[in-house]
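The values are calculated or read from the model by the stated rules, or taken from the named source; none is laboratory data. The structure displayed is predicted, hence computed values, not measured ones. Glycine also receives a Cβ, built like all others from the backbone with ideal geometry; neighbour counts cover every protein chain displayed. Quick note on the areas: whole protein, heavy atoms, side chains included, nothing else; ligands and nucleic acids left out. Shrake-Rupley method; radii C 1.70, N 1.55, O 1.52, S 1.80 Å.
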Amino acid sequence: MLIMKKTILIITLILALGCKAQSPIISIYDGNTSPRTENAYYKDTYNDFDRFIGTWKFTNGNQELTIILKKSLMSLFTYVDKTFYEDIMYGEYQYIDENGNELVNTLSSIDDVSIDLYDHQILGNRIIPYKLLPRCEDCLPNERRIELYFSDYIKDYIRAHMVLRTVPNQSNSAINDIELVVTGAYFDIPEEGASTVPTIPYGEYRLIKQ
């Protein structure tokens, strides 16, 4: 009987410690504007990220933009004096300009385990309602988009925002494309006169799942 009591005590203690490490669980969408809570788990409760997972490609003549997006569950993150967990989207990309020149290709880094999750070229987990910028004229009132940070691999001092939404494929309504807007950069210019022209032009791209 004594042995059984000890076993129950140990199991109870382990379960209690496990709950503390991920408590409370907060929806990323519902908790977007709240200060981060110590030890909380910011979860993609509504699976908003899932519809963007995969390889996507934009083509316009010779110009191509290919991105790979993945979802990481319950990633540990420390910011200032708080440690918490979060679901997060991350990715890499390839860009070929209108002349057929490949300017960037980081796709091979998507599964490189030596790269820290937070060092990927595409990263973020902000879920935004239709009414926030960039303006979306045809978004539905309950539509949610994903906003990610988008690093310029060639000019690493340029960092833009990538906003994504799903839209019906033009020839097959049973599948979705991605409508992607690259916008809102900020700079940490290394020297006077450094170019602030992004490697990938700002604008709207429609990508088809590969």
Do we find that LEU103 is hydrophobic (A, V, I, L, M, F, W, C), part of a strand (DSSP E or B) and under 17 Å from the mean Cα position of the chain (by Cα) in this structure?
no
Of the candidates ASP111, ASP81, the one satisfying the condition of being under 25 Å from ILE154 (Cα atoms), of a type in the set (Asp, Glu) and out of contact with any strand residue (DSSP E or B) (no Cβ under 6 Å at 6 or more places or on another chain) is ASP111
Could we say that GLN210 is more than 20 Å from the chain's Cα centre (by Cα), closer than 16 Å to PHE58 by Cβ and either open to solvent by 20 Å² or more (accessible area, probe 1.4 Å) or not polar (S, T, N, Q) (or both) here?
no
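Residue-by-condition table, conditions (1) closer than 25 Å to ILE128 by Cβ; (2) exposed (fewer than 13 other Cβ atoms within 10 Å of the Cβ):
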site: GLU147; (1), (2): yes, no
site: ALA174; (1), (2): no, yes
site: LEU180; (1), (2): yes, no
site: ASP188; (1), (2): yes, yes
site: GLU191; (1), (2): no, yes
site: VAL197; (1), (2): no, yes
Counting only residues that are open to solvent by 60 Å² or more (accessible area, probe 1.4 Å) and either at negative phi or in contact with a Pro (Cβ under 8 Å, 6 or more places away or on another chain) (or both), segment 78-106 contains a total of 10
Restricting attention to segment 107-135, the residues that are assigned to a strand (DSSP E or B), farther than 20 Å from TRP56 by Cβ and open to solvent by 40 Å² or more (accessible area, probe 1.4 Å) number exactly 0
Which of the residues belonging to segment 31-77 are within 18 Å of GLU147 (Cβ to Cβ), of a type in the set (A, V, I, L, M) and open to solvent by 50 Å² or more (accessible area, probe 1.4 Å)?
ILE53
